[in-house]
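Have a look at the structure below before the remarks.
Where a number appears in this text, it was derived from the coordinates with a stated rule and is not lab data. Every value quoted in this text rests on a predicted model; they were computed, and no experiment measured them. Here Cβ is always computed from backbone atoms with ideal geometry, including for glycine, and neighbour counts include all displayed protein chains.
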Amino acid sequence: MTRNIRVTVAGATGYVGGSVVEGLRSHEFWVRALTRDPARLKNPQFCDDVFVGHATRPETLRGLCDGIDVVFSSIGIRSFARKPTVWEVVYTANINILNEARAAGVKHVIFISALRAPEMARICPIAVAREMVVGAIVGSGLRYTIYRPTAFFNDIQEVFYSAAKRGVYYQIGNPEVRMNPLHGLDFADEVAQAIVDSSRWNIIRPVGGPEILSRRAIVALAFQALERPVKVRRLPTGSISLAAALIKPFHYNLYSILKFMEFALQTEDMTGDPIGRRRIGDAFRELFRRERASRGGSRPGAPDQPIADLNSAAVVQQLPG
Ligand SMILES: NC(=O)c1ccc[n+]([C@@H]2O[C@H](COP(=O)([O-])OP(=O)(O)OC[C@H]3O[C@@H](n4cnc5c(N)ncnc54)[C@H](OP(=O)(O)O)[C@@H]3O)[C@@H](O)[C@H]2O)c1
């Protein structure tokens, strides 16, 4: 039945969008991926169609939504590039996609913002831009489902890399902040449900994974997976605030990312409605197992073997069921 429902996924080369492509295909939806570069799709085998276009350039999006019932977008900035700006990527690109969806008669738009984004918007331009898109979608008259997720596994696994590389983890901010890390495929199941379940239409929902953990506990799980003693040096949140203030005149995108971190690292409750079943401790153990196997049995992070070559998104997406 779902095979008759056609979905365009924007952000398909990223962690969240790539997971949504995979999850929707496993639920037998028909999936079109939007990408600037098809070679960057991690899982083209899950796409029924690939549409090449630049979301920041509306003239390249003509036809993106033809014959489409649902549009999902997770396009956004997580890299440290200076250009294009936060506004061009987070706001303009997503508005361009919304305009295409309206013009083509799409029924349903699904979008992700970030947990507590309306509060975060007081200090963080990324949150402002994402919430402006939320406002435009809600006001569009189209059916919508908006998710405000906590951190996904691709963000949290940076704890593992850092601990593996240095043997010590430099923890900025409040270690008692609670969150429930979310796996992309668990989120994709939720998106699939939102398409067919009318109780998920025209709602804005904060979401996270099944397990609520403090940041302190997450660091401990990373060291446990690495089979090493927990070693943590704490740095005050002020260090991020200071770095953000200093960088702002030179690198606005980096400033915006630092302000996102400043909020997330000191807001005590960063938990959303629990969904899914995958746990971050299992993901850390799987990273360790794969990394050790690829090194012929030696432990990741051994001094002669830097860990920088781990392919994070692929590893967490392949966690056993
Ligand atoms: N990951 C998290 O923990 C988390 C938590 C809460 C909210 N979010 C929100 O969700 C968004 C997506 O997260 P993610 O982890 O999937 O990020 P990601 O892996 O970096 O993916 C970002 C996507 O946006 C696309 N994109 C970036 N710049 C673009 C541009 N100039 N033109 C067209 N497309 C562009 C990327 O395409 P290319 O591959 O072509 O660059 C990629 O498909 C984030 O930006 C964030 O605001 C993420």
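Brief remarks follow.
- Ranked list, fewest to most other Cβ atoms within 10 Å of each Cβ, for Tyr170, Tyr91: Tyr170, Tyr91
- Between Ala136 and Arg122, the simple label model (points 7 Å from Cα in the Cβ direction) yields a spacing of 2.6 nm.
- For Ala243 and Arg57, the difference between the fully extended length at 0.36 nm per residue and the C-alpha to C-alpha distance is 63.7 nm.
- Whole-Å distance, taken between Cα centres, linking region 242-263 and region 1-36: 32
- Between Arg205 and Val232, the FRET efficiency estimated from the beta carbon spacing at R0 = 51 angstrom works out to 0.95.
- When Tyr252, Tyr15 are sorted by how many other C-beta atoms sit within 10 angstrom of their C-beta, beginning with the fewest, the order is Tyr252, Tyr15.
- Only Cα pairs under 8 Å and 6+ residues apart enter the sum, and on that basis the relative contact order of the chain stands at 18 percent.
- Here the extension length gained between Glu268 and Arg40 equals 78.5 nm, from 0.36 nm per residue of separation less the Cα-Cα distance.
- Alpha-carbon centroids, region 174-191 and region 94-139: separation in whole Å: 20
- Pairs of Lys residues in the chain, spaced 8 or more positions apart or belonging to different chains, with C-alpha separations under 19 angstrom: 4 in total.
- Calculated mean residue ellipticity at 222 nm for the chain: -12000 deg cm²/dmol, from DSSP H runs with n ≥ 4 weighted as -39500 (n - 2.57), summed, divided by the residue count and rounded to 500.
- Cβ-Cβ FRET estimate between Ala293 and Phe80, R0 fixed at 25 Å, reported to 0.05: 0.25
- Counted by neighbouring Cβ atoms within 10 Å, the residues Ser140, Ser73 run from fewest to most as Ser140, Ser73.
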